[in-house]
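The values are calculated or read from the model by the stated rules, or taken from the named source; none is laboratory data. Given the structure is predicted, the values throughout are model-derived calculations rather than measurements. Using ideal geometry, Cβ is built from the backbone for each residue, glycine included, and neighbour counts are taken over all protein chains shown. SASA here: full protein model, heavy atoms, side chains in, ligands and nucleic acids out. Shrake-Rupley method; radii C 1.70, N 1.55, O 1.52, S 1.80 Å.
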Amino acid sequence: MNSSGGTRSPATKEMGWLCGDKLHFWEPNQTFHTDRPDLSECFQLSVLAWLPCVFLWVASPAYICYLKKSSRGYIMMSLLNRFKTAFGLLLWIVCWADLFYTFHELQQGQSPPPIYFITPLVLGITMLLATFLIQYERLHGAQSSGVLFFFWFLSLLCAIVPFRSKILKASSSGGVPDKLRFTSFYFYFGLILLELVLCCLNEKPPLFSNVVTDPVSPTRCNMFTLYIYLTALTCVFCPSFCPFSPQNPCPEATAGFLSTVTFWWFTSLAIKGYKMPLEAKDLWSLNQRDSSKKIVPKLLKEWEKEQTKVKSSEQNLTTKATYAKQQPSATNHVSGGAAGGETSPEEVEVLLSNQKAAPHQPSFLRVLIKAFGPYFLIGSCFKLLQDSIMFVNPQLLRMLISFTSQKDVPIWWGYTLAFLMFFAAILQTLILHRHFQYCFVTGMNVRTALIGAIYRKSLVITNAAKHSSTVGEIVNLMSVDAQRFMDLTTFLNMLWSAPLQIMLALYFLWQNLGPSVLAGVAVMVMLIPFNAVIAMKTRAYQVEQMQHKDARIKLMNEILNGIKVLKLYAWENSFKEKVLAIRQKELNVLRKTAYLGALSTMAWTSAPFLVALTTFAVFVSVDEKNVLDAEKAFVSLSLFNILRFPLNMLPQVISSLVQASVSLKRIQNFLSHDELDPNSVDRKTSSEFAVSVVNGKFTWAKEDEPVLDNINVMVPQGSLVAVVGHVGCGKSSLISALLGDMEKVEGEVCVRGSVAYVPQQAWIQNATLRDNILFGKSFNESKYRRVLDACALTPDLEVLPGGDMTEIGEKGINLSGGQRQRVSLARALYSDSEVYLLDDPLSAVDAHVSKHIFDNLIGPEGVLKGKTRILVTHGISFLPQVDNIVVMVEGRVSEMGSYQELLNQNGAFAEFLRNYALEDIVEEDEATEQLIEDELFPDDVLSNHHTDMVDNEPTVNEAKKSFMRQISILSGDSENFRCRSVRRQSQKKHQEAQEKKKPQEVQKLIQAETTETGRVKTKVFLEYAKAVGLVLSVIICLLYGCQSAAAIGSNIWLSQWTSDSLTNDTQNNVHKRVGVYAALGIAQGILVMASSFTLAMGNIGAAKKLHANLLNNKLHTPQSFFDTTPIGRIINRFSKDIYVIDEALPSTVLMFLGTFFVSLSTMIVIVSSTPIFAVVIAPLAFIYVLVQRFYVATSRQLKRLESVSRSPIYSHFSETITGASVIRAYDRHAAFVLMSDIKVDENQKSYYPGIVSNRWLGVRIEFIGNCIVLFAALFAVMGKDTLSPGLVGLSVSYALQVTMSLNWMVRMTSDLENNIVAVERVKEYSETKTEAPWEVEDKKPPAEWPTQGNVEFNEYSVRYREGLDLVLRNITLSVKGGEKIGIVGRTGAGKSSMTLCLFRLLEAAGGEITIDGVKISEIGLHDLRSKLTIIPQEPVLFSGTLRMNLDPFEKYSDDDVWKALEHSHLRKFIGNQPAKLELECTEGGENLSVGQRQLVCLARALLRKTRILVLDEATAAIDLETDDLIQSTIRTQFEDCTVFTIAHRLNTIMDYTRSDKGRFANSSLFPPTSFHHFECILL
């Protein structure tokens, strides 16, 4: 090898001016054809030296601009920074020392080549630029630099070649010819290495940032500067007191370049998640750039620009079309972008005739692109880079196979190829995950922005817009549509990337195999419609299955809501059959979907094989000269594998794009809705009246008729005005008009000062009682106490478990109607506003409470005296005390004046008095009775007897009846016949009183649901395997093993086939080779389908078994379980968990098994090809398991935290929509927007680490995969002499595809753990304690039992649940057949318990009950319950036909049913219905009135006609007429039956034989007046 002599290459000749005569630029012999390769000195001094310099000079301008734009403050000069700068200057000195030495040589008469001048000069200037960048970064707060890292890394990489070269030359020549340059180079190398190491370290965070500080005026600049310096010192020396540091800042912001690229900064959270389950407090704060505060305004700013642009273009169009004079807008809305302003009808007509085009809407897509496009584009650039690098490895594989087949190639070339493959794969991994990070963050930001924009819009849309977008629809926009955008952004780049990958793959395949590749393409094209048909069919089945699932969940919901009735009637079996019938339909659809899934999996797995088969078969068949060698075969296979992903993804992305376009349109339409005009109500304070409306005309929607017309109202400052009128006359609309919630057609509205608003239906937040009252105001103890007293809330605080810190459920669920209204009043009073708009707040409370509130709060002597109050009311007794009365009739003010003036006029007001007088008298009487009761029972809490008044207008006759019944109050039980909730409230009160007496026995009724943390137990996996079937589970695993064996077999056969080319035996065996290869491939396809199908069948069998067990157990579960378990929790098992078992779990198991066997077969192939590979399996497996453990533990908990933090966003939103008018009235708009943003950010706080955890996992697992590629290639090179090219191709091509399998296997392990929890949850509820057996064969009573109806209680005691007190103690009672027994007593005295004992819903704690001599505790529950009949207090109907509701087992003929309907006074009503007995009852029987439902329950009782009948307050919730009908029917039809009646109304049991109370059975009829003399001794 001669480095100086010989023929000069063309490149050397061209570069002669640079290298001189002595140096050669390029020497192929010196580089390639040798065992000690080297590069020429001139090449080293030019290309290798300049490459990093060119990079830095090209990158610097853009980098400097970036630093200037995104300055984060400056970093104090640190030791690290000083070292970096010092080394940079030293490098400059070293480089220019070389330059001066060259000048010195020139002076000495030597003629050094120009390269010796140029390179040191270029390097020196570049080092100065690098030093300048080090300081510039410090001044702009950059803690780490990617640009400088790449520069130092490239410099070091390029310096390695001369490093080795100089040592080789010195050792070969026996000395160092050019000592100064030799020494200076090694100085240079050492300094470069040090700079690279220092570059990997991070600078301290900047002292302060312009981004964080608040803007200040120039006049305060000096003070501001002082403040900043003081703050900066605080942040340096006391970081915990720094005002700018988040609670738990995300380390990403301060991570170095390497840490950012490899996601190393996430490792600390992964370790923490592995050690213990993560909690919300462990999560990092959201990055500032991803917060709602930054993201939402960016989108809204672009949206406003777009709207303005559209409006201006529309106005231009209008001007061109015709002259149209703009009218001043009188309507109360601001256009949301669809219209520019209002014009007169004539002008509109002219415009329409001239402009046929539809109004142009602002493009929301353009807005999204402008707001998020630039950031997303960075991700797209990474994707382009990754797509390019993806095709490097197949080319390197080709070179590696070529290397193994050539004997004279130096071994270093093989090692170089192996490492090149490794580095290309590493680079591809890092770039791919950077791309994914940008895409996912964009998706996350889009979701944040959409939720924020929709939330803000929903607070200001008009009522007309609200009608077109219901709360549910808007929540869907937030959840479903925003999620679609988020999902789409992840793979949106595939729209252009997939075609690019396909084109590149086909190009390289054409290069490899020529036109034969078209055969493979044809197969691919044929598979596309096949997959499309499967996708369409699957979607259709999914829709069908969702319908069945909805029907099943709806029925389950009804069953669980009416479980008590089902048990009482012994109807469980009938409804169980109905559920199982629907479930069977659901499973049938699942089975069909499984068939399609198996076909789809086969197509997905076999597609690359079929393409390869056809291509190779055509290739070897078309021309005898075509030889399929290892190079062609395995490079083609790796390209076909690349082709699989884009071909599969493209249809999915297009489908997602179509869905997202629908969502885009929906969101665009919503954001374009008209908005309420904030200026429609004049808030000026100079007006003499506090509230004034002049010539007001208002409507709810522009196109509707006016609701209020010709309204003229003047309310002086400090006066109390009552607004009265019939239902629907426009009272509430007037209040809405004053709030600015209606469209103002014409007129003026003026409200002076701040407003407090109490709506008709109280709006309560899901917050503490105190927060509901304060509503954002600061807490003032004395003022707060006064407010509570005035609103009669003080007694309630004693009852509520946590006082005023009790959390109120959604919609105030744990408060009574009256309490909710008083909290609403308290909020208004605490706000200390100037104008109070009170929309009928007194109707929801009892008369005595409303009197208290009026006297102490609203009235002339109340707390609000001196404030302006407008009160909508029906309460006549307050009217004499108000200053003015406004009488509304059909949307107009008919009269206005004082009480006396209006009474004298005898107009609408006098008529109003006549209509409501009777009701008011009733209320007054109730109040009197209540006062008496309070004296008799002082321990009763006033607030627990509030009744929600219903707007009904009883006739005089009904009022009289009501009066008679109201007088006979039993034991102080003042329950209003129009109220259903009182009983429960009293019971609650009574229980609370008991709890106070026995604090040590306080027990939560509803226990918190237990949540599993940590790893899922192996037992759960075994349970699922048992449900699938242990034998079937083994068969499934065997099938997967066989499928992998077939795949390996086909590839080994291909490897053998390619080896034929070495022995020139190709043509002889073509048919055999193709035939066997095809057979193995087809066998693999069939086995794939069989394994998928068997697995699906096993999963469906398991799903069927698990659901059946759950259903069976729940129908056998005692009533006490349903009393202590929320229905939502049980429904969750039947919906979410069963869905997971039906659909999510099977696909996860499928993917897990698939990836596991692919990974396993890869290892087998590589080890069998190169046995030495077994050595590295252990360490790689150890790292893999370690990473997997860290990831699964952390990812699982992050998913849980994310799902927990997601629901508050939607519940807060639903709550906000409902209370939008209240929020606007109190001017709390900004606060609620902030609350929503905080909730969204809280959710993204757990979602973001979830994204990063996947990236973190991907980088690490793919690194292991890349190591497998490296070792497979290295060992192939090492065994070059013994391995055939076919085996090398097989081994390395397998290694290249293992990366994805390893990655997905970890993901699937995590998903499998998450999804298998559903099995655990379902099993938990399938094994709860059951009630007694439904039938006991050896104890069955006679068919005609009971014949007499004799009932005996013997020393009978019972308790509700284990550990509770007895509710009935030692009851002894004997009832003869045919007797009518009335059971009376206070709420909680044990009346219902007595009847429940008869049905054994409560089991005896002592004693026994016998019916006709048969001990009921010994017989089966169904045998007992089917022989008794009950008409329950609340009539429960199920969705289905009326006939099914009467006779679910179809025991009776139609004649029997009609007879029962006739006796229950329903025949006429049902006979008039077209469907007759097949009349469909909606859920809960909502299409029938309460009275009719009660009559249906009576008809059930008449059909069963058993000897014993129980009426459990059956008439408490119905009107008087229906009550009389039921009583008359019972008297006639059940004349010879034993009847037990629990009653509050005395006339219900007036003609009964005996009435029971407490522990006594009194044989004579007591007069009504004497009932309340008995004390209740049961509780």
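Side notes on the structure shown:
- Cβ-Cβ distances below 9 Å connect the following pairs, each with a first residue in the stretch 750-770 that is assigned to a helix (DSSP H, G or I), a second residue that is open to solvent by 20 Å² or more (accessible area, probe 1.4 Å), and a separation of six or more residues or different chains: Leu769/Leu797; Leu769/Gly802; Leu769/Met805; Leu769/Glu807; Arg770/Phe779; Arg770/Met805.
- When residues of the stretch 882-907 are limited to those that are in contact with a strand residue (DSSP E or B) (Cβ under 8 Å, 6 or more places away or on another chain) and part of a helix (DSSP H, G or I), the one nearest to Val835 (Cα to Cα): Tyr899
- Residue list for the stretch 1116-1136, restricted to those being part of a helix (DSSP H, G or I) and open to solvent by less than 10 Å² (accessible area, probe 1.4 Å): Ile1130, Arg1133, Phe1134
- Taking (1) among the hydrophobic types (A, V, I, L, M, F, W, C); (2) touching a helix residue (DSSP H, G or I) at 6+ places or on another chain (Cβ under 6 Å); (3) crowded, with 19+ Cβ neighbours inside 10 Å in turn, Leu676 satisfies each apart from (2).
- Some residue of the stretch 1425-1435 being in contact with a helix residue (DSSP H, G or I) (Cβ under 9 Å, 6 or more places away or on another chain), assigned to a loop (DSSP other than H, G, I, E, B) and of a type in the set (A, V, I, L, M): no
- Checked against (1) part of a helix (DSSP H, G or I); (2) among the aliphatic types (A, V, I, L, M); (3) modelled with pLDDT under 85, Leu734 passes all but a single condition, namely (3).
- Cβ separations smaller than 9 Å between residues 6+ apart or across chains give the following pairs from the stretch 1413-1435 residues that are over 12 Å from Pro1333 (Cβ atoms) and open to solvent by less than 10 Å² (accessible area, probe 1.4 Å) to residues that are among the polar types (S, T, N, Q) and part of a helix (DSSP H, G or I): Ile1430/Thr1395; Ile1431/Gln1494.
- Long-range neighbours under 7 Å by Cβ, at least six apart or interchain, first residue within 14 Å of Arg820 (Cα to Cα) within the stretch 785-803, second open to solvent by less than 20 Å² (accessible area, probe 1.4 Å) and part of a loop (DSSP other than H, G, I, E, B): Leu800/Thr806
- Options Gly728, Gly747; residue that is open to solvent by 60 Å² or more (accessible area, probe 1.4 Å), farther than 30 Å from Ser1236 by Cα and not polar (S, T, N, Q): Gly728
- The stretch 153-169 - residue that is closer than 13 Å to Leu39 by Cα and touching a residue at least 40 places away in the same chain (Cβ under 8 Å) and, of those, surrounded by the fewest Cβ atoms within 10 Å (Cβ to Cβ): Leu168
- Qualifying residue in the stretch 1398-1410 (condition: modelled with pLDDT of 85 or more, of a type in the set (A, V, I, L, M, F, W, C), open to solvent by less than 10 Å² (accessible area, probe 1.4 Å) and out of contact with any His (no Cβ under 6 Å at 6 or more places or on another chain)): yes
- Boolean, Ala1332 is more than 25 Å from the chain's Cα centre (by Cα), open to solvent by 20 Å² or more (accessible area, probe 1.4 Å) and free of Cβ contacts under 8 Å to residues at least 12 places away in the same chain: no
- Residue count, the stretch 1348-1376 (criterion: surrounded by 20 or more Cβ atoms within 10 Å (Cβ to Cβ) and more than 28 Å from Asp1123 (Cα to Cα)): 2
Here is a yes/no grid of residues against (1) in contact (Cβ under 8 Å) with a residue 40 or more places away in the chain; (2) among the polar types (S, T, N, Q); (3) touching a helix residue (DSSP H, G or I) at 6+ places or on another chain (Cβ under 6 Å); (4) surrounded by fewer than 22 Cβ atoms within 10 Å (Cβ to Cβ):
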| position | (1), (2), (3), (4) |
| --- | --- |
| Thr1194 | yes, yes, yes, no |
| Tyr1210 | yes, no, yes, yes |
| Ala1220 | yes, no, no, yes |
| Arg1224 | yes, no, no, yes |
| Ser1246 | yes, yes, yes, no |
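- Beta carbons closer than 9 Å, at least 6 apart along the sequence or on distinct chains, pair a first residue in the stretch 1039-1060 that is among the acidic types (Asp, Glu) with a second that is crowded, with 17+ Cβ neighbours inside 10 Å and not in a helix (DSSP H, G or I) for Asp1060/Leu628; Asp1060/Asp629; Asp1060/Thr1066.
- Restricted to the stretch 786-815, and to residues there that are over 31 Å from the mean Cα position of the chain (by Cα) and outside any helix (DSSP H, G or I), the residue that is surrounded by the fewest Cβ atoms within 10 Å (Cβ to Cβ) is Pro801.
- Qualifying residue in the stretch 604-620 (condition: under 34 Å from the mean Cα position of the chain (by Cα), of a type in the set (S, T, N, Q) and closer than 30 Å to Gly443 by Cβ): yes
- Test: residue in the stretch 623-643 that is open to solvent by 20 Å² or more (accessible area, probe 1.4 Å), closer than 30 Å to Arg398 by Cβ, of a type in the set (Lys, Arg) and assigned to a helix (DSSP H, G or I): yes
- Residue match in the stretch 1268-1288 (condition: part of a helix (DSSP H, G or I), hydroxyl-bearing (Ser, Thr, Tyr) and open to solvent by 20 Å² or more (accessible area, probe 1.4 Å)): no
- The listed residue being closer than 30 Å to Ser1392 by Cβ and more than 35 Å from the chain's Cα centre (by Cα), out of Ala570, Ala630: Ala570
- Boolean, Gly1349 is in contact with a strand residue (DSSP E or B) (Cβ under 9 Å, 6 or more places away or on another chain), modelled with pLDDT under 85 and at positive phi: yes
- Going through (1) under 26 Å from Ala270 (Cβ atoms); (2) touching a residue at least 24 places away in the same chain (Cβ under 8 Å) one by one, Leu1150 falls short only on (1).
- Every residue from the stretch 862-880 that is open to solvent by 10 Å² or more (accessible area, probe 1.4 Å) and either more than 19 Å from Val845 (Cβ to Cβ) or of a type in the set (A, V, I, L, M) (or both): Val863, Lys865, Gly866, Lys867, Ile876, Pro880
- Thr873 being touching a residue at least 60 places away in the same chain (Cβ under 8 Å) and of a type in the set (Ser, Thr, Tyr): yes
- When Phe878, Phe854 are checked against the criterion of being modelled with pLDDT of 85 or more, part of a helix (DSSP H, G or I), touching a helix residue (DSSP H, G or I) at 6+ places or on another chain (Cβ under 9 Å) and within 17 Å of Val721 (Cβ to Cβ), Phe854 stands alone in meeting it.
- Boolean, Pro1341 is in contact with a Lys or Arg (Cβ under 6 Å, 6 or more places away or on another chain), open to solvent by less than 40 Å² (accessible area, probe 1.4 Å) and over 30 Å from Leu1160 (Cα atoms): no
- Within the stretch 558-580, the residues that satisfy the criterion of being open to solvent by 50 Å² or more (accessible area, probe 1.4 Å) and closer than 21 Å to Lys1136 by Cα are Asn561, Lys578, Leu580.
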